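Undergrad: Below: one structure in C-alpha cells.
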C-alpha cells in the first residue's frame, strides 16, 4: 500500500471510532451512516486504484468526491454541536490533507495524460 492509502485507512478507523463515540455518548448524528460510508470509502477507492491502474483516474476522482463529502459532514457536525470545534480539528485536518493529496494525484495524472496526448 502507498502512503496515501495508509493515511486513508487510518482515517477510516478514526471515522469508525467517531461514530462509535457518538453512539456511546447518546449523541446519534442523523447522517452517521453516510459519514461512515464516505469516510471509509475514501480508502476503498484508493486501494482499488492501486490494484487497477487502468481505472486510477476514475477511482481517485471517486475518492476525492468522498473526501469532499466527508469534510462537509464533519463541518456540519461541528456547526450543529455533535462534536466540539477543538475536538474536530485533528480529524478535519487529516480529512483535508487526504483530500489535498488525492487532488494533487489527480492533477499530476491529468498533466501526464496531456503530455502523452491521451486527452
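The values are calculated or read from the model by the stated rules, or taken from the named source; none is laboratory data. A quick note: this is a predicted structure, and the numbers were derived from the prediction, not measured. Reconstructed Cβ throughout: ideal geometry from the backbone, glycine too, with neighbour counts over all protein chains shown.
Undergrad: Checking the structure you have, find out if any residue of region 107-114 is surrounded by fewer than 19 Cβ atoms within 10 Å (Cβ to Cβ), modelled with pLDDT of 95 or more and part of a helix (DSSP H, G or I).
TA: no
Undergrad: If you don't mind, there's one more thing I want to ask. Tell me, yes or no, whether region 76-89 has at least one residue that is under 20 Å from residue 2 (Cβ atoms) and either modelled with pLDDT of 90 or more or touching a helix residue (DSSP H, G or I) at 6+ places or on another chain (Cβ under 9 Å) (or both).
TA: Among the residues of region 76-89, not one is under 20 Å from residue 2 (Cβ atoms) and either modelled with pLDDT of 90 or more or touching a helix residue (DSSP H, G or I) at 6+ places or on another chain (Cβ under 9 Å) (or both), which makes the answer no.
Undergrad: If we keep just the residues of region 1-41 that are within 14 Å of residue 73 (Cβ to Cβ) and touching a residue at least 60 places away in the same chain (Cβ under 8 Å), which is farthest from the chain's Cα centre (by Cα)?
TA: 22
Undergrad: For region 33-45, check the following and say yes or no: at least one residue is within 17 Å of residue 3 (Cα to Cα), in contact with a helix residue (DSSP H, G or I) (Cβ under 7 Å, 6 or more places away or on another chain) and surrounded by fewer than 16 Cβ atoms within 10 Å (Cβ to Cβ).
TA: So far as region 33-45 goes, no, none of its residues is within 17 Å of residue 3 (Cα to Cα), in contact with a helix residue (DSSP H, G or I) (Cβ under 7 Å, 6 or more places away or on another chain) and surrounded by fewer than 16 Cβ atoms within 10 Å (Cβ to Cβ).
Undergrad: So how many residues does region 74-84 have that are surrounded by fewer than 20 Cβ atoms within 10 Å (Cβ to Cβ) and within 15 Å of residue 33 (Cβ to Cβ)?
TA: Here the count works out to 1.
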